[in-house]
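Inspection log for the structure reproduced underneath, given as structure tokens.
The values are calculated or read from the model by the stated rules, or taken from the named source; none is laboratory data. Quick caveat: nothing in here was measured; it's all calculated off a predicted structure. Don't worry about glycine lacking a Cβ; one is built from the backbone with ideal geometry, like all the others, and counts go over all protein chains shown.
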Amino acid sequence: MRKYLIFIKAAIILCLFIFSIIVINYFINSSILYEWNESKLSIVWMVTIIYFTVTFYLLLYLVSFKIFNIFFISMIASGTPSWIFLYFLELFKIEPNFLDCSIIRDLIVILCISILSPGLTLNFIKFIKNNSNHSKKRRFLQKYRIHEGFVGILFVIFAFFLWVIRLLLIQHEVMKNQLRIYLAVDTILLLLFLFSGSFLVFRDLRDVLQFKFIEKREVKENSMGTTVFDQMTPDSIKFFSSPRVPIYHIGILLNSFAVSMIIHGTDFLSMVIFNLNHEEIVLIGCILCFYGGGMIGKDWYRIFAKLYPELYQEVEEMLDELRK
């Protein structure tokens with residue numbers, strides 16, 4: 001049965017790869033054929049972005065999380081400097097005869113943004129795993145513990161200010177054209193802080209609702225520890241509980257679409273079809289990003305179980321002891 005499952009996954013991955021080549025080729029040809037403001041090109045953009053968003057979402061479940069994360073880091077590490085390099089070529093009006101910089105740059109953006117949400121999700125869980133041991137040396141506020149929900153609230157507030165800054169920058173044509181790299185940096189930071197903020201708020205929602213933000217560190221009675229989580233008490237049981245229905249799947253997909261809405265705007269939701277302007281789409285994307293990140297944060301323990309099955313088993317054994 002396992003061999004058949006591997007064969008089916010391999011066949012699906014091959015089909016996705018072939019279709020990806022077809023879609024990329026169609027996108028490049030359409031970008032050459034149609035003018036920038038033509039409705040046909042707008043629809044091609046929308047179809048291309050949706051296709052790669054869904055493709056990377058499916059790929060997350062078709063390959064191991066470790067392989068997917070290597071692929072994600074490789075794409076971001078190579079795509080980001082490539083985009084910056086092509087941007088400066090265009091800024092200084094250097095156009096190689098053998099290369100259409102604008103098309104390649106747009107394609108890099110589509111691919112990197114489409115994989116951003118699932119990639120960030122995996123690395124957030126990895127960050128939790130690497131930084132949840134309170135026995136590690138801490139130089140900052142050693143005697144006090146800052147709840148991650150409070151940090152999440154600060155991140156969301158900071159994201160709001162970044163959104164306001166974006167609204168101010170977008171009013172100037174020079175920021176949308178020659179200096180759009182600054183607008184891009186602001187938008188990326190907005191995304192990162194909004195996603196991480198909602199993730200942390202909903203992951204620590206119980207303490208947020210009880211207004212537990214900062215408390216003094218102390219060794220709690222009846223506390224037990226694991227490799228990752230070194231101070232677990234009976235109160236920790238609720239923290240490691242998951243919703244009855246898995247919601248992180250929806251959260252990742254919802255956040256993927258939200259990221260595309262914020263970055264691409266009317267290029268993602270064609271104005272011809274949806275009749276929404278760019279900033280309205282960005283605002284809707286921010287709202288969906290908050291809810292998507294929150295759903296992932298609320299269901300983080302299920303993702304942790306899939307990423308680190310051995311550590312998950314260790315935590316479950318400790319939780320059973322605490323329940324007794």
Check residue 37 against each of (1) loosely packed, with under 10 Cβ neighbours inside 10 Å; (2) within 20 Å of residue 61 (Cβ to Cβ) and name the one condition it does not meet.
(2)
Within the range 85-104, identify whether any single residue is under 24 Å from residue 46 (Cα atoms), in contact with a Phe, Trp or Tyr (Cβ under 7 Å, 6 or more places away or on another chain), at pLDDT 85 or above and surrounded by 13 or more Cβ atoms within 10 Å (Cβ to Cβ), and answer yes or no.
no
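For (1) farther than 27 Å from residue 126 by Cα; (2) of a type outside the set (Lys, Arg); (3) touching a His at 6+ places or on another chain (Cβ under 9 Å); (4) free of Cβ contacts under 8 Å to residues at least 12 places away in the same chain, each residue gets a yes or a no:
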{"position": "14", "(1), (2), (3), (4)": "yes, yes, no, yes"}
{"position": "21", "(1), (2), (3), (4)": "yes, yes, no, yes"}
{"position": "27", "(1), (2), (3), (4)": "yes, yes, no, no"}
{"position": "34", "(1), (2), (3), (4)": "yes, yes, no, yes"}
{"position": "38", "(1), (2), (3), (4)": "yes, yes, no, yes"}
{"position": "44", "(1), (2), (3), (4)": "yes, yes, no, no"}
{"position": "58", "(1), (2), (3), (4)": "no, yes, no, no"}
{"position": "65", "(1), (2), (3), (4)": "no, yes, no, no"}
{"position": "76", "(1), (2), (3), (4)": "no, yes, no, no"}
Being surrounded by 12 or more Cβ atoms within 10 Å (Cβ to Cβ), in contact with a Cys (Cβ under 8 Å, 6 or more places away or on another chain), among the β-branched types (Val, Ile, Thr) and part of a helix (DSSP H, G or I) is true for just one of 70, 28, 43, 76. Which residue is that?
76
Quick check on the range 59-80. Is at least one of its residues out of contact with any Lys or Arg (no Cβ under 8 Å at 6 or more places or on another chain), among the hydrophobic types (A, V, I, L, M, F, W, C) and at pLDDT below 90?
no
Residue among 167, 194 that is closer than 28 Å to residue 110 by Cβ, crowded, with 20+ Cβ neighbours inside 10 Å, at pLDDT 80 or above and among the aliphatic types (A, V, I, L, M):
194
